[in-house]
Amino acid sequence: MAVVTIRVPDGLKRKMHKVKSVNWSALLRDAIQARIELERRATARDWERVREAGVQADTIYKEIASKYGYIDFNSAETIRYWREVRSRGMSQTPQSR
């Protein structure tokens, strides 16, 4: 088992020493494990939201395409354009070039 050292104020250490019924190492291991699990679940939830957003975007695209027909739109081109606008201060839109 690996050793991890933490620093606590002297007063807190004295209070910990007075509470003899607590296994501080086990308590800290459990707290660290709980935090790792919390972070893992939060990350997993974010990826689930990304997947859901992708499904919603696809649904919206299909709905618009069925209503208006083929849509000639390249999102990568638009993103590149607006990044360039921000970095160089351009003022024309892609359609007016």
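Among the residues of segment 39-71, those identified as at pLDDT 80 or above and outside any helix (DSSP H, G or I) are Gly69, Tyr70. Applying the condition of being of a type in the set (Val, Ile, Thr) and more than 30 Å from Ala2 (Cα to Cα) to segment 26-64 and asking which residue is surrounded by the most Cβ atoms within 10 Å (Cβ to Cβ) yields Ile64. Here Lys67, Lys20, Lys15 are screened, and the one residue that is surrounded by 10 or more Cβ atoms within 10 Å (Cβ to Cβ) and free of Cβ contacts under 8 Å to residues at least 40 places away in the same chain is Lys15. Residue count for segment 1-12, restricted to those that are closer than 22 Å to Gln33 by Cα and either among the hydrophobic types (A, V, I, L, M, F, W, C) or outside any loop (DSSP other than H, G, I, E, B) (or both): 6. When segment 13-38 is examined, which residues are found to be of a type in the set (A, V, I, L, M) and either at pLDDT below 95 or outside any loop (DSSP other than H, G, I, E, B) (or both)? Across segment 13-38, the qualifying residues are Met16, Ala26, Leu27, Leu28, Ala31, Ile32, Ala34, Ile36, Leu38. Residue-level analysis places Arg7 outside the set of residues that are surrounded by 10 or more Cβ atoms within 10 Å (Cβ to Cβ), at pLDDT 95 or above and either touching a strand residue (DSSP E or B) at 6+ places or on another chain (Cβ under 9 Å) or of a type in the set (D, E, K, R) (or both). Summed over segment 72-97, residues that are surrounded by fewer than 10 Cβ atoms within 10 Å (Cβ to Cβ), hydroxyl-bearing (Ser, Thr, Tyr) and either touching a helix residue (DSSP H, G or I) at 6+ places or on another chain (Cβ under 9 Å) or at pLDDT 90 or above (or both) total 1.
The values are calculated or read from the model by the stated rules, or taken from the named source; none is laboratory data. This structure is a prediction, so every number in the text was calculated from the model and none was measured. Glycine also receives a Cβ, built like all others from the backbone with ideal geometry; neighbour counts cover every protein chain displayed.
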